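Asker: I have a structure here, written as structure tokens, and I will follow up with some questions on it.
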Amino acid sequence: MNKMYKVLATASIFAMAAMPLAASAQDVPQPTIHNGQGPIQNQFKIVPGTMGQITDFVNDKTGKFITVTGRSLAVGDQSQIILSITKDTKIVDAKGKTVPLKTIIDEKKVVKAFYGGAITKSIPAQGTALTLVVQDQSFTAIDGTVSEVQENGIVVKGKDIYTSIEETIVLHFADKAQLLDQNGKAIEASAIKAGMSVKAFYGPAVTMSLPPQSTTKYVVVNTTADETEQNAVGTDGIITSVADNKITVIGKPMAKGGVDHVILTVDEETQIVGLDGKPLTLDALKNDVRVEVNYGEVMTMIYPAQTTADKIVVKETETNKIEGTVVASDRTTEGQVYVNVGSDQSTDNDVILNISEDTKVIPALGGETVLRAGTKIVAYHSKIMTKSLPGITNAEIVIVTSDDNAAKPKQ
């Protein structure tokens, strides 16, 4: 056999061996085989997969689990999934060489995660990892809104899906970029309009310009947003309470208007969807879930305001939350508070919160927004935290649960 054909044959055999085959909803037909007794149709099933970074790792008595956040490999696959790592899970690079899971997590490498078709209906879904294939190149992604359409690209304003940092970036379409609508159908670049919500993956190269620029190979666009929806008032925040058919959302008002603290009634007219535009049930609305809610301009005049939700977009089901007591500390400076997490004797899990003008502080009934020593709080904070002890991070929302033992203000 010619040497070149030997190499190609070997590569093909390895690729077939590396491809995880298992139960899935996607049946890919093989060519029809004739053996003189009529056509026989052979089929094999390709397992679902998610491509992205490992954003969470748990290893305890219940088992070893990772959360992969990124994009689906095919229509119907998950963009985020929690996977159990078992003794049968293969973790390799593109050449089939074993890669330590710790290396992937520490170096924030991108993986293609393949898993069995049996997954839960939770958000995110949960399943068992069959194979993790480490990719040669990394990427990041932005979840936001198209603020401008250019000749061969778009300007997107939103949040990095891995760091939650607000950013604006100019994205140029690669020659063979995949541009998909919310249903996974290919679209032309001309279908993308300013005001549409997008999830775009780009990098690894990013310019140092303002705003930065990069190339994107994969963009998912919600083309269903109409003028009415774009101009709707609402709140971008976190569900802090769920009771019967009501949810409490605390966050930031939308650009077109809204309030930062609202109690919403969810009825049969309320549309509940994920970032991909697919419908969700009421079960998706839980404490600590990040959402974007739209509602009418008519609401009660009490605080917090109350009204009925028109639309709820579930953005993220994982948040960074702590509960504890504010204590006096010489480790803090102006604009910081030290939190005894768990209100216990241990300092290993304590956190210093940066309190800025962007931090929303919800006081106890009749209380004040100043966080004094002795104040008990629940705080939602940024994913980014220093590795120091205690860790330092930016507070997004702080809810005062009790200020009965708070230090008295200095006279």
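The values are calculated or read from the model by the stated rules, or taken from the named source; none is laboratory data. Computed from a predicted structure; not experimentally measured. Neighbour counts run over all protein chains shown; Cβ positions are idealised from the backbone, glycine included. Just the protein is used for accessible areas: all its heavy atoms, side chains included, with ligands, DNA and RNA removed. Shrake-Rupley method; radii C 1.70, N 1.55, O 1.52, S 1.80 Å.
Asker: Which residue, I302, I169, I81, tops the fluctuation ranking in a GNM of the chain built on C-alpha contacts under 10 Å?
Answerer: I302
Asker: For the chain, what does the relative contact order come out to in percent, with C-alpha contacts under 8 Å and a separation of six or more?
Answerer: Numbers: 947 pairs, mean separation 32.0, N = 411.
Answer for the chain is 8 percent.
Asker: With angles folded into 0 to 90 degrees, how steeply does helix 3-18 sit against the dominant principal axis of the chain? Use alpha carbons for both and round to 10.
Answerer: On a 0 to 90 degree scale, this one is about 50.
Asker: Let me ask something additional. Excluding same-chain residues fewer than 8 positions from K87, which aspartates and glutamates have a Cα within less than 18 Å of its Cα?
Answerer: Within reach: D60.
Asker: Can you compute the equivalent ellipsoid semi-axes for the stretch 352-411, i.e. the square root of 5 times each eigenvalue of the Cα gyration tensor, sorted largest first and rounded to whole Å?
Answerer: On the way: eigenvalues 98, 34, 20 Å².
Three semi-axes, in Å: 22, 13, 10.
Asker: Can I ask one more? Note down the relative contact order for the stretch 149-244 as a percent, whole number, built from C-alpha pairs under 8 angstrom at least six residues apart.
Answerer: Numbers: 137 pairs, mean separation 25.9, N = 96.
Averaging sequence separation for qualifying contacts and normalising by length gives 27 percent for the stretch 149-244.
Asker: In nm, to one decimal, how far is the A255 label point from the I187 one, both placed 7 Å along Cα→Cβ?
Answerer: Once both label points are built, they end up 1.7 nm from each other.
Asker: What residue among K61, K199, K360 has the largest mean-square fluctuation in a Gaussian network model of the chain, using Cα springs under 10 Å?
Answerer: K61
Asker: A further question follows. Provide the packing ranking of 307-315, 207-215, i.e. peptides ordered by the mean count of other C-beta atoms within 10 Å per residue, highest first. Let's see the in-between values first.
Answerer: On the way: 307-315: 19.8, 207-215: 12.6.
Sorting 307-315, 207-215 by mean packing, highest first, produces 307-315, 207-215.
Asker: In whole Hz, what ³J(HN,Hα) sequence does the stretch 91-105 give by Karplus (6.51, -1.76, 1.60; θ = phi - 60°), x for Gly and Pro?
Answerer: 10, 9, 8, 5, 9, x, 7, 5, 10, x, 4, 4, 5, 4, 5
Asker: Still on this structure, please answer the following. Gaussian network model of the chain, Cα springs within a sub-10 Å range: biggest mean-square fluctuation belongs to which of L371, L179, L389?
Answerer: Checking each option, the largest mean-square fluctuation is seen for L389.
Asker: To continue, here is another question. Compute the label zone of Q336 within the stretch 369-405: residues whose backbone N is under 15 Å from the point 7 Å along Cα-to-Cβ.
Answerer: Counting backbone N atoms under 15 Å from the label point, the list is 385-395.
Asker: Going by Cα centres, the stretch 99-153 and the stretch 204-283 are how many Å apart?
Answerer: Distance between centres, Cα-based: 21 Å.
Asker: Right, something else. Would you mind checking which residues have amide H under 5 Å from T215's amide H? H placed 1.01 Å from N; only 5 or more apart, or other chain.
Answerer: Here H172, G203 satisfy the definition.
Asker: Inverting the mean 1/r over all pairs of different Cα atoms, compute the Kirkwood radius of the chain and quote it in Å. Don't jump to the answer; show the numbers that get you there.
Answerer: Values: mean 1/r = 0.0416 Å⁻¹.
About 24.0 Å, per the Kirkwood formula over Cα pairs.
Asker: Under 1.5 on a/c is rounded, so check that first for the stretch 270-356, then, if it is not, pick prolate when a/b is larger than b/c and oblate when it is not; a ≥ b ≥ c are the square roots of the alpha carbon gyration tensor eigenvalues.
Answerer: Working: a/c = 3.11, a/b = 2.00, b/c = 1.56.
Note, shape of the stretch 270-356 comes out prolate.
Asker: Probe 1.4 Å, all protein chains in place: accessible area of E269 in Å², nearest 10?
Answerer: 140 Å²
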